[in-house]
Amino acid sequence: MVADEIVREESDTGVKEEILTEQYLTFIMADEEYGVDILAVQEIRGWDTATPIPNAPDHIMGVINLRGTIVPIIDLRRRFKLAPLAYGLTTVVVVLKIDTARGMRNMGVIVDAVSDVYDVPLQGIRKTGMGDNANARFIKGLVTINDSMVILLELEKLLTIED
């Protein structure tokens, strides 16, 4: 479920090249920029309290009722074992719709702030090289945008309650 797009760029030789790209919504957490497939983004909303679920994992903050749909809310800082940060004015919930083994599923992720939307060239996505790191399974790859590294997330692996 990735927005494939062909971008035509003029090379140094003056020849127009077609470059296959994907669009990603990026957000900030702990001074790092992360990206998720723009087609998975259902909406972005300000942080509001969630109804806690007994015996849920620490990173599951609870659920919200989104126009009749119950949406689990995950704190990505806790999921990635980052230092906690008090929720503020820029804290948002990115509601995502993803295709899982159990079918389509809505999940919300709490992030520090939304950043931008980028067209990412497919050939620019690089693997992390951190195969044995616990969080590496959540990472699709890395890409450099405007001299900054952006971590692209693998939503189907990241947004599971089973952990």
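Quick notes on this structure:
- Pair list, Cβ under 6 Å, 6 or more apart: segment 94-106 residue within 16 Å of residue 61 (Cα to Cα), other residue of a type in the set (D, E, K, R) and at pLDDT 85 or above: 95/43; 106/97
- For segment 104-163, a residue qualifies if it is more than 27 Å from residue 19 (Cβ to Cβ), open to solvent by less than 40 Å² (accessible area, probe 1.4 Å) and at pLDDT 80 or above, and the qualifying residues are 106, 107, 108, 109, 110, 111, 112, 113.
- Checking 48, 37, 58, 75 one by one, the residue that is among the acidic types (Asp, Glu) and closer than 16 Å to residue 25 by Cα is 37 and no other.
- Evaluated against (1) part of a loop (DSSP other than H, G, I, E, B); (2) modelled with pLDDT of 90 or more; (3) on the phi > 0 side of the Ramachandran plot, residue 89 falls short on exactly one condition, (3).
- Evaluated against (1) loosely packed, with under 11 Cβ neighbours inside 10 Å; (2) assigned to a loop (DSSP other than H, G, I, E, B); (3) in contact (Cβ under 8 Å) with a residue 12 or more places away in the chain, residue 84 falls short on exactly one condition, (3).
- Failed item in (1) at pLDDT 90 or above; (2) under 16 Å from the mean Cα position of the chain (by Cα), with residue 22 passing the rest: (1)
The values are calculated or read from the model by the stated rules, or taken from the named source; none is laboratory data. Fair warning: this is a prediction, and the values are worked out from it, not measured in the lab. For neighbour counting, all protein chains shown are included, and Cβ atoms are generated from backbone atoms with ideal geometry for every residue, glycine included. The protein model used for the area step is the full one, side chains on, heavy atoms only, and it has no ligands, DNA or RNA in it. Shrake-Rupley method; radii C 1.70, N 1.55, O 1.52, S 1.80 Å.
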